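Shown next, in structure tokens, is the structure this report addresses.
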Amino acid sequence: MNLHEYQGKEILNSFGVRIQRGKVAQNAQDAVEAAKELTTETGTSWFVVKAQVHAGGRGKGGGVKLAKSLQEVEKISGEIIGMDLVTPQTSAEGKRVHQVLIAEDVYYPGESETEEYYMSVLLNRGTGRNMIMYSTEGGMDIETVAEETPHLIFTEEIDPAVGVLPFQARRIAFNLGLSGNAFKEMTKFVTNLYTAYVKSDSSLFEINPVLKTSDNKILAVDAKVTIDDNALYRHKDYLALRDIREESAIEVEAGELGLNYVDLDGNVGCMVNGAGLAMATMDLIKQAGGEPANFLDVGGTADAARVEAAFKIILKDPNVKAILINIFGGIVRCDRVAQGVIDAYKNMGNINVPIIVRLQGTNADIAKELIDNSGLDVMSATQFQEAADKVQQVLA
């Protein structure tokens, strides 16, 4: 589950991580009031207006702007709220901005120059350990840094049994070129950041940039946080932070129906039982010259009601030119699935895209006979290659 910047910062702050303070506003008038409150609390006279959407690169799309007065806060907030923000991480249509974060100015002049760093905490799946990734090149796309100057990216692997050790936090601060109070601040920042990552059951904490202020404080200017969905039962308060306006409407509806669905950009809809078979089916579609339009795992109970719900979800995508149903009957019987397809087809009326059904496993022969004798415009297959050939045929 992805969080907004302000929500991620609230979690960081609760674990002692210093953050750029701010307040959320739903409209321009609220933004002005938020700025006034922020001045009272922090003394800031300039403000950063940040669009709150689940996407990176907001500044490149005009979603992050500096306001030097309350009048500018009102004007900029009014422009950003309601806009369809297009960034390198959104579709061409962009994402609608419903709220902004009014943040304090932390780039004030002082005894030293400000410095920006990159830092993230995530799981290294290759080693099975958590990893802190960091760089002196903060404020930039980390992908660009990795491609052009990979020697400027450092990693610190953490044993999950003991957590981040003091010498590791010091090594991170040293590699970032810090000294004095900034060095001490960074070791504390790293330790608390890792604690926040573990205690919140997150799968990603990304801070870009981490800022060394002109008076040598270390704080998070941004926060991209992804909570592990499987751990949300332990964090009912985090579950309340979910913003379904930022998610695909089709994916939200599928989730409410108990379907594991991910929307993709292709032209062949998939209906499969089992994640592994679903991945293989997507490969099959690409081999046949098509592109998968979705990942859809109906699970082990592919009855008529579930199949019908899956059909309706798939057909909401106007790009779907064919549907491939690929079911392995282990626990579930293939003939029941076939009957479910037939019943769902009849309940829904005319379906205007070709349907290929591959059923293999328990009672697969009976299932094929049911499909072939149904009188419906449904093609049956028993082998992978046969299904691929029929997908290729209908796309041609």
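A few comments on the model shown:
- As a length-normalised measure over Cα pairs under 8 Å and 6 or more apart, the relative contact order of segment 252-351 settles at 32 percent.
- Loop-located trypsin sites (Lys or Arg not before Pro) across segment 58-129 with a Cβ neighbour count of 11 or fewer within 10 Å are LYS68, ARG125, with loop assigned by DSSP.
- Rounded if a/c under 1.5, otherwise prolate or oblate - segment 1-137, Cα gyration tensor axes: oblate
- Segment 1-65 and segment 157-171: distance between their alpha carbon centers, rounded to Å: 30 Å
- Using C-alpha pairs under 8 Å with a sequence gap of at least 6, the mean separation divided by the residue count of the chain gives a relative contact order of 12 percent.
- Accessible surface computed residue by residue for the chain, with neighbouring protein chains in place and a 1.4 Å probe, gives 47 Å² per residue.
- Selection from THR40, SER77, GLY139 lying farthest towards where the dipole of the chain points positive, charges on Cβ: THR40
- With the charge dipole of the chain set up from +1 on Lys and Arg Cβ and -1 on Asp and Glu Cβ about the Cα centre, the Cα lying farthest toward the positive end among the listed residues ALA388, THR127, TYR238 is that of TYR238.
- Only helical runs count toward this figure. For the chain, summing -39,500 (n - 2.57) over DSSP H runs of n ≥ 4 and dividing by all residues gives -11000 deg cm²/dmol at 222 nm.
- GluC sites (Glu not before Pro) within segment 59-105: DSSP coil, no more than 13 neighbouring Cβ in 10 Å: GLU93
- For GLU256, solvent-accessible area (1.4 Å; no DNA, RNA or ligand), Å²: 150 Å²
- Cα shape, segment 73-150, gyration tensor, a/c 1.5 rule: oblate
- For segment 225-345, diffusion coefficient by Stokes-Einstein and Kirkwood Rh (Cα), 37 °C, 0.692 mPa s, µm²/s: 215 µm²/s
- Segment 117-133 versus segment 261-299: alpha-carbon centroid distance in Å: 30 Å
- With every protein chain in place, segment 1-154: carbon and sulfur % of accessible area (1.4 Å): 48 percent
- Whole-angstrom gap from segment 301-347 to segment 357-389, using each part's C-alpha centre: 12 Å
- Accessible area of segment 257-311 belonging to carbon and sulfur atoms, whole % at 1.4 Å probe: 55 percent
- For segment 158-265, the relative contact order is 17 percent, taking Cα pairs closer than 8 Å that sit 6 or more residues apart in sequence and dividing their mean separation by the residue count.
- Structure-derived volume of the Cα convex hull per residue in Å³ - corresponding label in (i) 203; (ii) 155; (iii) 165: (iii)
- For the chain, the longest principal axis of the alpha carbon atoms and the long axis of helix 384-395 meet at an angle near 80°.
The values are calculated or read from the model by the stated rules, or taken from the named source; none is laboratory data. Keep in mind that this is a model prediction, so the values were computed, not measured. All Cβ positions, glycine included, derive from the backbone under ideal geometry; neighbour counts span all protein chains shown. Just so you know, the surface numbers come from the protein's heavy atoms only, side chains and all, with ligands and any DNA or RNA stripped out. Shrake-Rupley method; radii C 1.70, N 1.55, O 1.52, S 1.80 Å.
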